[in-house]
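**Student:** One structure, pasted below without further comment.
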Amino acid sequence: MHERLIELKEINVQDFYGENNKNLDNITAQFPKLKITARGRYLSAKGNEEDLNLFESKIADIVLHMQHFNRLNERDLTQIFDGSAPRVTMNSKDEILVHGVSGILVKALTANQRKLVDAVNRNDMVFATGPAGTGKTYTSVALAVRALKNKEVKRIILTRPAVEAGESLGFLPGDLKEKLDPYMQPLYDALRDMIHFEKLQNYIERGVIEVAPLAFMRGRTLDNAFVILDEAQNTTHSQMKMFLTRMGKSAKFIITGDPGQVDLPLKQKSGLKEAMHILKGVEDISFIELDGKDVVRHKLVKKIIDAYAKEEDHTHKKIDTAKIEK
């Protein structure tokens, strides 16, 4: 009699076992000739070599299914064992970008979000701009996670310029990482929606996923990576130029930001606005603009954006009138 020990890596073990070990019972029922014991992250199986090989292969299929779809139920197991389990496809206009945690299906929800997905499929560098709540960052992170799961890239790098939006980071307790982590929280939040906590922690510890301030990009060449620069409206000329020239082989870059929400000191130009002007017309770079129609947060967010836009338009007209009268 032979024995095989299998470690359940990078998945939620409780989801694997199922409620009251229902999934485990269904799995063991498929292998009546094997003696299977489960202890935490490890499965021990004893029996003949042929049955053990099949058991190990099916467990690998189950783990892969869970990593893609973030779920495991009775129907999933039936399809895995009879060979009819669904595969991830990337061709549908309304494609699911990521099967997120707790059954979340992450997909482009609006016309402009779909344009962003199409642009990233076509080009290696995309600028996605628009007001808060339009899904530009969330959709971008989903595209990065999809690329990592499909092995199109080896790592994800998410970065932001460490500009203080009316607040000071200096007084916060802790070391540099502890000071900056709250600032990077929106990026972590998106990742937690799409990757189970244990696997996400593993990715971060191994450097497969990196969330870091923009200053940490200096001097690096980012190969085989999906890189997102978020809050890019708060970059300076030199920061933006530095970031754009980090692009290495087999890399995808998305630059997101809200040109109407610049937190830089007065009289300092936004690197995002400048880059969009300089690079306009450069082949293989796409520019996608999202607007109030793409807001996917609370319905009030769209009304707030519209109200501020009307006020800013009114203010600009008053300034223009005053200039003419002079």
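**Student:** Checking Gly281 against (1) surrounded by 15 or more Cβ atoms within 10 Å (Cβ to Cβ); (2) closer than 22 Å to Leu116 by Cα; (3) at pLDDT below 90: exactly one of these is not met. Which one?
**Tutor:** (1)
**Student:** Quick one: in segment 190-241, which of the residues that are assigned to a helix (DSSP H, G or I) and among the aromatic types (Phe, Trp, Tyr) is least open to solvent (accessible area, probe 1.4 Å)? Before the answer, list the steps.
**Tutor:** Our first condition is that a residue be assigned to a helix (DSSP H, G or I); within segment 190-241, this holds for 190-194, 197-206, 214-217, 232-234, 237-241.
When the remaining residues are screened for being among the aromatic types (Phe, Trp, Tyr), the result is 197, 203, 216.
Working: Phe197: 128, Tyr203: 28, Phe216: 102 Å².
Looking at the filtered set, the residue picked out is Tyr203.
**Student:** Search segment 103-117 for residues being modelled with pLDDT of 90 or more and closer than 17 Å to Ala144 by Cα, and hand back the single one that is surrounded by the most Cβ atoms within 10 Å (Cβ to Cβ).
**Tutor:** Pass one, segment 103-117, residues modelled with pLDDT of 90 or more: 112-117.
Now drop any that are not closer than 17 Å to Ala144 by Cα, which leaves 113-117.
Working: Gln113: 25, Arg114: 17, Lys115: 18, Leu116: 29, Val117: 24.
Result: Leu116.
**Student:** For Ala45, are the conditions met, namely being open to solvent by 20 Å² or more (accessible area, probe 1.4 Å) and either assigned to a strand (DSSP E or B) or of a type in the set (Val, Ile, Thr) (or both)? Break it down stepwise before answering.
**Tutor:** On the way: open to solvent by 20 Å² or more (accessible area, probe 1.4 Å): no; either assigned to a strand (DSSP E or B) or of a type in the set (Val, Ile, Thr) (or both): yes.
When the stated conditions are applied, Ala45 does not pass them.
Residue-wise test of (1) more than 14 Å from Lys199 (Cα to Cα); (2) free of Cβ contacts under 8 Å to residues at least 40 places away in the same chain; (3) open to solvent by less than 60 Å² (accessible area, probe 1.4 Å); (4) of a type outside the set (A, V, I, L, M, F, W, C).
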{"site": "Glu10", "(1), (2), (3), (4)": "no, no, yes, yes"}
{"site": "Ile27", "(1), (2), (3), (4)": "yes, no, yes, no"}
{"site": "Glu50", "(1), (2), (3), (4)": "yes, yes, no, yes"}
{"site": "Asp61", "(1), (2), (3), (4)": "yes, yes, no, yes"}
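**Student:** Could you list, in sequence order, all residues of segment 202-247 that are charged (D, E, K, R) and touching a Leu at 6+ places or on another chain (Cβ under 8 Å)? Spell out how you get there, then give the answer.
**Tutor:** Quick first cut of segment 202-247, residues charged (D, E, K, R) only: 205-206, 210, 218, 220, 223, 230-231, 241, 246.
Answer for segment 202-247, where residues must be charged (D, E, K, R) and touching a Leu at 6+ places or on another chain (Cβ under 8 Å): Glu210, Asp230, Arg246.
**Student:** For segment 245-254, state whether one or more residues are open to solvent by 10 Å² or more (accessible area, probe 1.4 Å), farther than 23 Å from Val98 by Cα, touching a Ser or Thr at 6+ places or on another chain (Cβ under 7 Å) and at pLDDT 90 or above.
**Tutor:** Of segment 245-254, the ones open to solvent by 10 Å² or more (accessible area, probe 1.4 Å) are 245-250, 252.
Of the ones still in play, those that are also farther than 23 Å from Val98 by Cα are 245-249.
Restricting the remaining residues to those that are touching a Ser or Thr at 6+ places or on another chain (Cβ under 7 Å) gives 246, 248.
Then drop every residue that is not at pLDDT 90 or above, which leaves 246, 248.
Checked segment 245-254: at least one residue is open to solvent by 10 Å² or more (accessible area, probe 1.4 Å), farther than 23 Å from Val98 by Cα, touching a Ser or Thr at 6+ places or on another chain (Cβ under 7 Å) and at pLDDT 90 or above.
**Student:** Which one is farthest from Leu8 (Cα to Cα) among residues in segment 29-42 that are in a strand (DSSP E or B) and open to solvent by less than 50 Å² (accessible area, probe 1.4 Å)?
**Tutor:** Within segment 29-42, the first condition is being in a strand (DSSP E or B), and the residues that meet it are 35-39, 42.
This time we only want the ones that are open to solvent by less than 50 Å² (accessible area, probe 1.4 Å), so: 36, 38.
Details: Ile36: 14, Ala38: 10 Å.
My answer is Ile36.
**Student:** If you don't mind, there's one more thing I want to ask. Please verify whether Lys252 is among the basic types (Lys, Arg) and farther than 28 Å from Asn224 by Cβ, treating the condition exactly as stated.
**Tutor:** Details: among the basic types (Lys, Arg): yes; farther than 28 Å from Asn224 by Cβ: no.
No.
**Student:** Continuing with the same structure: Say whether the condition of being at pLDDT below 95, in a helix (DSSP H, G or I) and more than 27 Å from Gly133 (Cβ to Cβ) is met by at least one residue in segment 306-318. Steps first, please.
**Tutor:** Let us first name the residues in segment 306-318 that are at pLDDT below 95, namely 306-318.
When the remaining residues are screened for being in a helix (DSSP H, G or I), the result is 306-318.
Now narrow it down to the ones that are more than 27 Å from Gly133 (Cβ to Cβ): 318.
Looking through segment 306-318, at least one residue is at pLDDT below 95, in a helix (DSSP H, G or I) and more than 27 Å from Gly133 (Cβ to Cβ).
**Student:** As an exercise: evaluate Leu229 against (1) closer than 17 Å to Ser140 by Cα; (2) touching a His at 6+ places or on another chain (Cβ under 7 Å) and give the number of the one condition it does not meet.
**Tutor:** Tallying (1) closer than 17 Å to Ser140 by Cα; (2) touching a His at 6+ places or on another chain (Cβ under 7 Å), Leu229 fails exactly one: (2).
**Student:** Output the helices (runs of 4 or more DSSP H) that fall wholly within segment 50-153 and possess 2 or more residues being farther than 28 Å from Asp25 by Cα, or say none.
**Tutor:** Values: elements: 74-82, 111-122, 136-149.
In segment 50-153, the matching helices (runs of 4 or more DSSP H) lie at 111-122, 136-149.
**Student:** Ala85 versus (1) buried (at least 18 other Cβ atoms within 10 Å of the Cβ); (2) at pLDDT 85 or above; (3) among the aliphatic types (A, V, I, L, M); (4) over 30 Å from Gly130 (Cβ atoms): which is the lone unmet condition?
**Tutor:** In the conditions (1) buried (at least 18 other Cβ atoms within 10 Å of the Cβ); (2) at pLDDT 85 or above; (3) among the aliphatic types (A, V, I, L, M); (4) over 30 Å from Gly130 (Cβ atoms), Ala85 misses (2) alone.
**Student:** Sticking with this structure for a sec: Just the residues that are in a helix (DSSP H, G or I) and under 21 Å from Asp294 (Cα atoms), please, taken from segment 258-272.
**Tutor:** Residues of segment 258-272 in a helix (DSSP H, G or I): 271-272.
Residue satisfying the conditions is Leu272 alone.
The values are calculated or read from the model by the stated rules, or taken from the named source; none is laboratory data. Treat the numbers as computed from the prediction; the structure is a model and nothing was measured. Counting neighbours? That spans all protein chains shown, and the Cβs are built from the backbone with ideal geometry, glycine included. With ligands, DNA and RNA removed, areas are computed over all heavy atoms of the protein, side chains included. Shrake-Rupley method; radii C 1.70, N 1.55, O 1.52, S 1.80 Å.
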